[in-house]
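Enquirer: One structure follows; several queries about it will come next.
The values are calculated or read from the model by the stated rules, or taken from the named source; none is laboratory data. Here the structure is a predicted model, which is why all the values come from computation and not from measurement. When we count neighbours, we look across all protein chains shown, and the Cβ atoms used for this are built from the backbone with ideal geometry, even at glycine. SASA here: full protein model, heavy atoms, side chains in, ligands and nucleic acids out. Shrake-Rupley method; radii C 1.70, N 1.55, O 1.52, S 1.80 Å.
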Amino acid sequence: MKKLLVLIMGISLAMALAACGSKNSAEPQSTDTAAASGQKVTLKATDWQFDQKEYRVKKGEPVTITLDNAKGTHGAQIKDFKVSLDNGKKTVTFTPDKTGSFPIICSIMCGQGHASMKSVLIVE
């Protein structure tokens with residue numbers, strides 16, 4: 001009886017873990033013409049750094065930001081514009097409504113250099 005109970009629990013656990021797996025479906029692309037013709041920024045993330053120290057965009061123009069996890073598992077967050085990217089949501093389009101320098105941080109604990117994984121979005 002105990003063996004049957006352990007077997008059933010093991011199967012249940014395996015099914016639960018399989019259901020929590022990653023999504024492979026692609027997110028639909030925006031059909032908005034303003035977003036399609038706007039600025040495009042790719043944040044290429046490797047172990048404990050983004051590929052650029054700063055990214056420049058124009059105020060009032062749509063910006064499409066895409067996260068490219070080239071090495072490791074990372075996220076990106078720009079709190080001032082409520083932008084949050086990860087493996088489930090790799091692209092977002094928004095229109096910056098203020099100028100200045102806005103921190104970009106890794107939002108997924110990625111290892112020993114996580115705290116220093118930062119960049120800046122400069123809106124001109």
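Enquirer: If you check VAL57, VAL6, VAL63, which single one turns out to be among the hydrophobic types (A, V, I, L, M, F, W, C), within 18 Å of the chain's Cα centre (by Cα) and either at pLDDT 85 or above or open to solvent by 90 Å² or more (accessible area, probe 1.4 Å) (or both)? Show your work before the answer.
Expert: Numbers: VAL57 fails: within 18 Å of the chain's Cα centre (by Cα); VAL6 fails: within 18 Å of the chain's Cα centre (by Cα).
Step by step, each of VAL57, VAL6, VAL63 is checked, and only VAL63 is among the hydrophobic types (A, V, I, L, M, F, W, C), within 18 Å of the chain's Cα centre (by Cα) and either at pLDDT 85 or above or open to solvent by 90 Å² or more (accessible area, probe 1.4 Å) (or both).
Enquirer: Would you mind telling me which numbered condition in (1) part of a loop (DSSP other than H, G, I, E, B); (2) touching a Pro at 6+ places or on another chain (Cβ under 9 Å) GLY88 fails?
Expert: (2)
Enquirer: Same structure again: Taking region 92-104 only, how many residues are surrounded by fewer than 17 Cβ atoms within 10 Å (Cβ to Cβ), of a type outside the set (Phe, Trp, Tyr) and assigned to a strand (DSSP E or B)? Break it down into steps so the answer makes sense when it comes.
Expert: Step one: filter region 92-104 for residues surrounded by fewer than 17 Cβ atoms within 10 Å (Cβ to Cβ), giving 94-95, 97-101, 103.
Adding the requirement that they be of a type outside the set (Phe, Trp, Tyr) leaves 95, 97-101, 103.
Adding the requirement that they be assigned to a strand (DSSP E or B) leaves 100-101, 103.
The number of residues fulfilling the criteria is 3.
Enquirer: Here's a follow-up. Only residues that are hydrophobic (A, V, I, L, M, F, W, C), open to solvent by less than 50 Å² (accessible area, probe 1.4 Å) and within 16 Å of THR42 (Cβ to Cβ): list them for region 70-87, please.
Expert: As a first pass, look at region 70-87 and keep what is hydrophobic (A, V, I, L, M, F, W, C): 70, 76, 78, 81, 83, 85.
With the extra rule that they be open to solvent by less than 50 Å² (accessible area, probe 1.4 Å), the set shrinks to 76, 78, 81, 83, 85.
Correct list: ALA76, ILE78, VAL83, LEU85.
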